[in-house]
Structure formats: structure tokens, C-alpha cells
Amino acid sequence: MVTIERVEAFAIRSDLVGGPGTTTPRRPPWTADAEVAGPMSRHPRYKRLRAAWRPTWPGVGCLVTASDGSWGFGISRYGDPVIATINGHLGPLLVGEPALATERCWDMMTRMASPYSPAGLAAYAISAIDLALWDLKGKLLNAPVWSLIGGPSRPHIDCYATGNDTDWHMELGFRATKLACPHGPADGLAGLDANEALIARTRELIGHEVELMLDCWMAFDLDYTVRLAERLRPYWLRWIEDCLTPEDLDGHEALRRRLPWMGYATGEHWYMPQPFLHAASRRLADVLQPDIAWVGGLTACLRIAAIADAAGIAVIPHAGMNTPYGQHFTYAAPGAPMGEMFIGTPPGVPLAETRLFPGMAVPVDGRLIPSDAPGFGLGVDLDGIAAMRP
Ligand SMILES: [Mg+2]
């Protein structure tokens, strides 16, 4: 039996978005300077830019090596504490376990983390190890992961683009796009006006044949969510997203009572399957958005997909098209109607130049088919992985 021989986590250069390509950008990306409303918007010192208060920890790479010399690679983020959790706790305790036993290893990891909670930062560590184990499994069984988990469920993935360079999204051929909301309660009535103006301008630019969504990134309270949603009703948003503090589960119930007509998506800052079970059983959202590299890996996403499917709720992983991991899950899951591609790279630079792994697919005319190479089809060797270190 092939067993786990080594689990090693280390810092990698960046998380989720690859470096700039060789093509000269037309203009800086929206991410360079755009204000995005968020949980810190009420504190003027840190209001303007998210980069002012978010941690500067690097991304996380996790290499799992098996007793036959084969290996798998996973990623996550929030470097220092997550690397310490893997190398100082979870990783060494998995050595000697069966390399194909993803369910068993996931169960062990979540239980080993229970004294300090498998949710939160530990979920990032569990994700990186779980994704590496699934990559390894695909290589050992010589099959793409989407095939191992029962896919494909669709001929291709229809993708939507997230970001505020909407003209670039349309040029790339996306038929659905999502804006980051610039203003929240701290900006008062002027902010409400500016938010509405942005949505109105965007709807006019894209017409009515393109779906439009709005991401509110934990920035609002219930009162502001209701006021903004009522204002935006004429613009036919497909959904609005992540308006409340993720932990405020009662608030989500109140939000559904106050806005029963509004499409709602959330879940990128929920960890482990339990909050998704809570939300699905109460129909708190129309779309659940676990991030496969944060929530607890592919094993967690498969459990969330089963819960959501039983409730008739869609699962569209957060930034799922930005990694091969999310691509394989989305291609295989029957209840995943779209894939999200976060675009923070400059307009004019082809998406193929911004990918994290050379083997991963990118959307063409808004559609994507994942690699059919074994594992997640990362297309890197060990030298390529070493080159991801900062
Ligand atoms: Mg989001």
C-alpha cells in the first residue's frame, strides 16, 4: 500500500493570481486603486484600501510525497500561521497513513484541529493538505480529479468575471460579470448614490443579455443592505453577495425576511461544512460559495455540494476558475451552474499570461474546460514548484 511519507508546507510567491504577463497592459487594473467597501470601512485610518490592513503573509504551498516517490501539490493562503499548522501539527501526524485515503485523512485533520477549531486559519491548512492529497490520488490512479469525483457533469463551465474592469470582461467574451461594491454605511447617502450610479452605468454598458452581480464583501449591516437592494431593484441583479458579517447567521435569516425577492449568495468566509448545512436547511442563500483552498479542500466542497444539492441550492466556488482545484470541482459537480474568475490583472493582458500553473485552463469566450491530465493537471514538476517560492 502506498503511504504518505512526507507533508511539507512552505511560502509561495503569491496566492490565486499569477504574475503579470509579457504583454504590455493598456491601463492599470481596477485593483490598483479602487476603494472596496469592507469590514474595516468604519475605521477611517484603514478605510481607503484593503491592502492597508490585510496581512502580508505569503501564499502557502503544500507538497505531499508518497512512499513510492509520487507527489501531489496543494495551495492555500495566510502563510506563517498556516505553514506552522501544517509543519508543526497536522502534517507529521499524517505520515504513514494510506495515501489514497482522502476521507480518512480529512476526518483525522478536522478532529486533530478540534481543540483550536478546524474552522478559520486551520481550515486553510487542511485545504492545502487535502488538495495535495487529491492531486496525488489523481497521479497514482492516472486520472484527472474531475473524473475521480464523478465528472464531467457538463460539456464546459460557463464562467463569470469578477472585478470592476467591466469593459475588459465584455471584450474577453464573458456573459456574466460581478462588481465589487465601493461604498458602505460609512459613506452615507452620497455612497448610496455612488453605488447606484455604478450599477446603472454598468447595466447600460453591458445591456440586458449579460448577468450582473454585486459583491459587498462583509461591508454592510442589515439596514444598509435593505436600503441598497431596494435602490438597485430596477437593474435586475442576478444576486448580491456577502453583505453581512459571515458569523452573523441570525442576520442572514433576517435578511431573507426583509428581502425575500432578492437573489443572495454567500459563503466564501465560511469554513468546514457546518455553516453551509445551517444555511441550506434554512434556505438562507440561493448560491453557496465555498472557496476550495480555504473551506477545507475538495473533500469539504464535496460534502457542501451534497448538502446544497439536497436543498436545491447552487454551489459556485469562490474564485473557482482561478485555480485548477476549483475548475475540477465545478466541472464535476452537477449543482455548480457557473464558475467565478476573479480578474485583478490589467486590461489588455491575456488571461493565459496570468495563470498560476502552466497546466491550468483559462476561460475562452467565457467558457472553460479543465485539463484532463492526471491529478489537477498542474503542469509543473518539482523544479517548477521550487520556483514558486519567493
Ligand atoms: Mg465574493
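Is it true that Val7 is modelled with pLDDT of 90 or more, touching a strand residue (DSSP E or B) at 6+ places or on another chain (Cβ under 6 Å) and assigned to a loop (DSSP other than H, G, I, E, B)?
Values: modelled with pLDDT of 90 or more: yes; touching a strand residue (DSSP E or B) at 6+ places or on another chain (Cβ under 6 Å): yes; assigned to a loop (DSSP other than H, G, I, E, B): no.
Spelling it out, it is not the case that Val7 is modelled with pLDDT of 90 or more, touching a strand residue (DSSP E or B) at 6+ places or on another chain (Cβ under 6 Å) and assigned to a loop (DSSP other than H, G, I, E, B).
Please find, within region 288-318, the residue that is most open to solvent (accessible area, probe 1.4 Å) out of those that are within 15 Å of the ligand (Cβ to nearest atom) and closer than 13 Å to Ser127 by Cβ. Don't jump to the end; show me each part of the working.
Residues of region 288-318 within 15 Å of the ligand (Cβ to nearest atom): 288-295, 314-318.
Narrowing the set further to residues that are closer than 13 Å to Ser127 by Cβ leaves 290-295, 317-318.
Numbers: Pro290: 0, Asp291: 5, Ile292: 5, Ala293: 3, Trp294: 10, Val295: 1, Pro317: 2, His318: 29 Å².
Out of the qualifying residues, it is His318.
Considering only residues that are open to solvent by 10 Å² or more (accessible area, probe 1.4 Å) and hydrophobic (A, V, I, L, M, F, W, C), which ones fall in region 209-257?
If the condition is that a residue be open to solvent by 10 Å² or more (accessible area, probe 1.4 Å) and hydrophobic (A, V, I, L, M, F, W, C), then Trp217, Met218, Ala219, Phe220, Leu222, Val226, Trp236, Leu237, Leu249, Ala254 are the ones that fit.
Taking Met112 as meeting all but one of (1) under 24 Å from Ile304 (Cβ atoms); (2) surrounded by 22 or more Cβ atoms within 10 Å (Cβ to Cβ); (3) of a type in the set (A, V, I, L, M), write down the number of the exception.
(2)
So which of Leu284, Leu277 is touching a helix residue (DSSP H, G or I) at 6+ places or on another chain (Cβ under 7 Å), in a loop (DSSP other than H, G, I, E, B) and under 30 Å from Leu121 (Cα atoms)?
Numbers: Leu277 fails: in a loop (DSSP other than H, G, I, E, B).
From the options Leu284, Leu277, the qualifying one is Leu284.
Counting only residues that are more than 24 Å from Gly138 (Cα to Cα) and more than 19 Å from the chain's Cα centre (by Cα), which one in region 353-373 is surrounded by the fewest Cβ atoms within 10 Å (Cβ to Cβ)?
Per the stated criteria, the residue is Asp365.
Any chance region 232-240 includes a residue that's closer than 21 Å to Gln289 by Cα, of a type in the set (D, E, K, R) and assigned to a helix (DSSP H, G or I)? Steps first, answer last, please.
Of region 232-240, the ones closer than 21 Å to Gln289 by Cα are 236-240.
Imposing the further condition that a residue be of a type in the set (D, E, K, R) reduces the set to 238.
When the remaining residues are screened for being assigned to a helix (DSSP H, G or I), the result is none.
No, region 232-240 contains no residue that is closer than 21 Å to Gln289 by Cα, of a type in the set (D, E, K, R) and assigned to a helix (DSSP H, G or I).
Would you point out the residue of region 319-341, among those that are without any contact (Cβ under 8 Å) to a residue 60 or more places away in the chain and outside any loop (DSSP other than H, G, I, E, B), that is farthest from the ligand (Cβ to nearest atom)?
So in region 319-341, the residues without any contact (Cβ under 8 Å) to a residue 60 or more places away in the chain come out as 320, 324, 326, 335.
With outside any loop (DSSP other than H, G, I, E, B) added as a condition, the list becomes 320, 324, 326.
Details: Gly320: 11, Pro324: 20, Gly326: 13 Å.
Once the filter is applied, the top-ranked residue is Pro324.
Return the total of residues in region 195-208 being open to solvent by 40 Å² or more (accessible area, probe 1.4 Å) and part of a helix (DSSP H, G or I). Spell out how you get there, then give the answer.
Initial filter on region 195-208 (open to solvent by 40 Å² or more (accessible area, probe 1.4 Å)): 196-197, 201, 204-205, 208.
Remaining after also requiring part of a helix (DSSP H, G or I): 196-197, 201, 204-205.
The number of residues fulfilling the criteria is 5.
Out of all the residues in region 161-176, which are under 10 Å from Gly366 (Cα atoms) and surrounded by 24 or more Cβ atoms within 10 Å (Cβ to Cβ)?
Within region 161-176, Ala161, His169, Phe174 meet the criteria.
Do we have any residue at all in region 258-270 that's among the aliphatic types (A, V, I, L, M), buried (at least 19 other Cβ atoms within 10 Å of the Cβ) and within 14 Å of the ligand (Cβ to nearest atom)?
Yes, the conditions are met somewhere in region 258-270.
Being assigned to a helix (DSSP H, G or I) and of a type in the set (A, V, I, L, M, F, W, C) is the filter here; which residues of region 287-314 pass it?
At the first step, the residues of region 287-314 found to be assigned to a helix (DSSP H, G or I) are 297-311.
Of everything in region 287-314, those that are assigned to a helix (DSSP H, G or I) and of a type in the set (A, V, I, L, M, F, W, C) turn out to be Leu298, Ala300, Cys301, Leu302, Ile304, Ala305, Ala306, Ile307, Ala308, Ala310, Ala311.
Got a number for residues in region 25-47 being modelled with pLDDT of 90 or more and either open to solvent by 70 Å² or more (accessible area, probe 1.4 Å) or at positive phi (or both)?
7
Among (1) away from the ligand (no atom under 16 Å from the Cβ); (2) assigned to a strand (DSSP E or B), there is one condition Leu179 misses while meeting the rest; what is its number?
Only one criterion is unmet by Leu179, namely (1).
The values are calculated or read from the model by the stated rules, or taken from the named source; none is laboratory data. Everything quoted here is computed from the prediction, not taken from an experiment. Reconstructed Cβ throughout: ideal geometry from the backbone, glycine too, with neighbour counts over all protein chains shown. The accessibility values were calculated without ligands, DNA or RNA, using every heavy atom of the protein model including side chains. Shrake-Rupley method; radii C 1.70, N 1.55, O 1.52, S 1.80 Å.
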